[in-house]
Amino acid sequence: MSTMTKRRYSYVFLLPAAIIYFVFFLLPTVLSFFFSMTRWTLTDWDFIGFDNYITFFSETALSIGFRNTLIFAVVTCGLKVLLGLLLGTLLTSSIIFKSYLRSVIFFPTLLSTIAVGITFSTMMHPSQGLINISLAALGLNGPDWLGNVKIALLSVALVDVWKGVGIATVIFIAGITAIPQEYYEALKIDGGNAYDGFRHITIPLSRPAMNTVIILAFIGGLRTFDLIWAMTKGGPGFTTDLIASIIYKQYQAGFYGLATAGNVILFIGVSLLAFPLYRFLTRSEVDQ
């Protein structure tokens, strides 16, 4: 079989994947950019240039949405990294019931986000919710978790961390398990304790896993919608509105072109934040 024939033969196997990629990713992406510059319905469209982008950036809630999105992404990402590292270290130690505890930590990841949002919004009810009832039994007055403008966004962020920390923990477990045990044995011979092993071996050598968690958690935080919508629908006021929920409200109102422009803006914004972060993390990983 000639080299040219082998090359054509290999392209035949690549063709189905290329078609799927074009139909379900490349084509919708290009069409989104086009329809973001139109006023469209399901049956008709009119080209209006960049008017949708101008209108979207003139939204009064947009600046609040940008701020909330960044806060939400940073808080959830930071907590998932911290808790995932601590839980991953704990669940790779010699504690009993290790396999069971791993299952417990990962279980919330399997749950529907909408179901989690509805459940926690009920539990966080200011007077009838399980959380405040439990606090009252201890003699404490629980706040209005989702109605207080000062803590509503943080309350939703904590629920997101509870649901997503399992993935971070699994990634850290894989990274920590890959560290050769000889390093820890050598540290013990030199008189080091568990804290020294965590600080000088676990943290530096689990850096690839940490970088993966940071990227996934940060991008996930920037794109969050379903949990916010299930718990607060962006309220009270615009306190918990994220960019994704603002876009959805435009779809609800029938401004499809405007909402499509918002999706393009979100895509570009996530790319502009995620790619430099990825380059920085991978560069610092190589430097170590």
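The values are calculated or read from the model by the stated rules, or taken from the named source; none is laboratory data. Here the structure is a predicted model, which is why all the values come from computation and not from measurement. FYI the Cβ positions are ideal-geometry reconstructions off the backbone, even for glycines, and counts take in every protein chain you see. Please note that ligands, DNA and RNA were not included when accessible areas were found on the heavy atoms of the full protein model with its side chains. Shrake-Rupley method; radii C 1.70, N 1.55, O 1.52, S 1.80 Å.
When the stretch 234-260 is filtered for residues that are more than 24 Å from Leu216 (Cα to Cα) and out of contact with any strand residue (DSSP E or B) (no Cβ under 9 Å at 6 or more places or on another chain), the ones remaining, listed by number, are Gly235, Pro236, Gly237, Phe238, Thr239, Lys249, Gln250, Tyr251, Gln252, Ala253, Gly254, Ala259. Candidates are the residues of the stretch 195-207 that are in contact (Cβ under 8 Å) with a residue 60 or more places away in the chain and either open to solvent by 80 Å² or more (accessible area, probe 1.4 Å) or in a helix (DSSP H, G or I) (or both); the one that is nearest to Gly221 (Cα to Cα) is Arg207. Residue pairs whose Cβ atoms lie under 7 Å apart, separated by 6 or more positions or on different chains, with the first residue in the stretch 15-26 and aromatic (Phe, Trp, Tyr) and the second surrounded by 10 or more Cβ atoms within 10 Å (Cβ to Cβ) and assigned to a helix (DSSP H, G or I), do not occur.
Does Ala259 fit the bill of being of a type outside the set (D, E, K, R) and surrounded by fewer than 18 Cβ atoms within 10 Å (Cβ to Cβ)? Against the criterion (of a type outside the set (D, E, K, R) and surrounded by fewer than 18 Cβ atoms within 10 Å (Cβ to Cβ)), Ala259 does not qualify. For the stretch 249-273, the set of residues classified as hydroxyl-bearing (Ser, Thr, Tyr) and touching a helix residue (DSSP H, G or I) at 6+ places or on another chain (Cβ under 7 Å) consists of Tyr251, Thr260, listed by residue number.
Every test in (1) touching a residue at least 24 places away in the same chain (Cβ under 8 Å); (2) assigned to a helix (DSSP H, G or I); (3) among the polar types (S, T, N, Q) is passed by Thr239 save one, and that test is (2).
Residue-level analysis places Val12 outside the set of residues that are closer than 30 Å to Val156 by Cα, part of a helix (DSSP H, G or I) and either modelled with pLDDT under 90 or not basic (Lys, Arg) (or both). Can you find even one residue in the stretch 160-178 that is without any contact (Cβ under 8 Å) to a residue 60 or more places away in the chain and over 28 Å from Ile215 (Cβ atoms)? Taking every residue of the stretch 160-178 in turn, none turns out to be without any contact (Cβ under 8 Å) to a residue 60 or more places away in the chain and over 28 Å from Ile215 (Cβ atoms).
In the stretch 215-237, the qualifying residues are those that are more than 16 Å from Gly269 (Cα to Cα) and surrounded by 19 or more Cβ atoms within 10 Å (Cβ to Cβ), and the one that is modelled with the lowest pLDDT is Gly234. Among all positions in the stretch 114-123, there is at least one residue which is without any contact (Cβ under 8 Å) to a residue 24 or more places away in the chain, within 24 Å of Gly142 (Cβ to Cβ) and of a type in the set (Val, Ile, Thr). Quick one: is Gly192 under 24 Å from the mean Cα position of the chain (by Cα) and open to solvent by less than 40 Å² (accessible area, probe 1.4 Å)? No.
Out of the residues in the stretch 174-183 meeting the condition of being hydrophobic (A, V, I, L, M, F, W, C) and open to solvent by less than 60 Å² (accessible area, probe 1.4 Å), tell me which one is farthest from Ser94 (Cα to Cα). Applying the filter and picking the extreme gives Ile179.
Take the conditions (1) assigned to a helix (DSSP H, G or I); (2) at pLDDT 90 or above; Ser284 misses just one of them, which is (2). If you check Ala115 against the conditions, is it open to solvent by less than 80 Å² (accessible area, probe 1.4 Å), aliphatic (A, V, I, L, M), under 20 Å from Thr224 (Cα atoms) and part of a helix (DSSP H, G or I)? Judged against the criteria, Ala115 is a match. Of Ile214, Ile219, all but one fail to be closer than 20 Å to Thr260 by Cα, out of contact with any Gly (no Cβ under 8 Å at 6 or more places or on another chain) and in a helix (DSSP H, G or I); the exception is Ile219.
Please tell me if Ile171 is in a helix (DSSP H, G or I) and closer than 20 Å to Ser93 by Cβ. Yes, satisfied. Remark: Thr122 matches the filter, which requires a residue to be of a type in the set (S, T, N, Q), in contact with a Gly (Cβ under 7 Å, 6 or more places away or on another chain), open to solvent by 80 Å² or more (accessible area, probe 1.4 Å) and farther than 28 Å from Asn211 by Cα. Considering the stretch 128-167, the residues that are among the polar types (S, T, N, Q) and more than 13 Å from Leu227 (Cα to Cα) include one that is surrounded by the most Cβ atoms within 10 Å (Cβ to Cβ), namely Asn132.
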